[in-house]
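Q: First the structure, then my questions, so here it is.
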Amino acid sequence: MSNADHASPDKAAEAFAPPAAGGLLTPKELRTITEEHEREVARKAAEEEKRRQEEHDALRDAFLHQHIRADARDRFTRAVRIAAENGLRELQLLHFPSSYCSDGGRAINNFEPDWPRSLTGYAREIHEAYEANLRPLGYRLEAAILNYPGGMPGDVGLFLRW
């Protein structure tokens with residue numbers, strides 16, 4: 001091999017030298033690019049978390065202010081009839097996050113007899129309607145924690161049994 005086949009050290013240095021119109025990025029410029037990227041990722045994550053929180057707040061507000069529909073008696077009668085015709089002895093009336101309970105679902109999780117006192121919003125209204133209309137007929141209303149994400153009470157289910 002001749003010397004012509006190998007670039008001289010001066011030629012190699014020239015290959016990496018920044019050209020007049022920009023050149024290679026410096027480590028400082030690369031850190032700036034990385035930091036801008038990290039800020040953008042953090043901004044998007046914050047926006048997504050804000051959106052999730054707003055959605056959660058809207059759902060909770062709807063739960064707290066929802067009311068039993070005017071046609072509930074007819075819908076209820078159809079639902080329990082269909083359940084019984086299918087051999088069932090219970091119907092899940094409602095499920096909601098345990099965080100909607102005034103105690104985070106603690107009383108339900110511990111099978112405390114006064115668990116209905118922890119209900120809020122629509123769940124409380126369902127319980128009041130049960131007490132006024134269904135309990136005297138022999139129905140039972142029971143609550144259960146349905147799941148335990150991260151080891152903590154998750155969703156609550158209200159079950160009507162006959």
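Q: All but one of (1) farther than 15 Å from G157 by Cα; (2) at pLDDT below 95; (3) not polar (S, T, N, Q) hold for F63; which doesn't?
A: (1)
Q: Restricting the search to segment 54-89, which residues are part of a loop (DSSP other than H, G, I, E, B) and out of contact with any strand residue (DSSP E or B) (no Cβ under 9 Å at 6 or more places or on another chain)?
A: Q66, H67, I68, R69, A70, D71, N86, G87, L88
Q: Something else: Scan segment 100-115 for residues that are without any contact (Cβ under 8 Å) to a residue 12 or more places away in the chain and in a helix (DSSP H, G or I) and jot them down.
A: A107
Q: Are there any pairs, at least 6 apart or on different chains, whose C-beta atoms fall under 7 Å, with the first in segment 66-89 and at pLDDT 95 or above and the second surrounded by 10 or more Cβ atoms within 10 Å (Cβ to Cβ) and part of a loop (DSSP other than H, G, I, E, B), and if so, which?
A: R89/W162
The values are calculated or read from the model by the stated rules, or taken from the named source; none is laboratory data. None of these values were measured; they are calculated from a predicted model. So basically every Cβ, Gly included, is an ideal-geometry build from the backbone, and we count neighbours across all protein chains shown.
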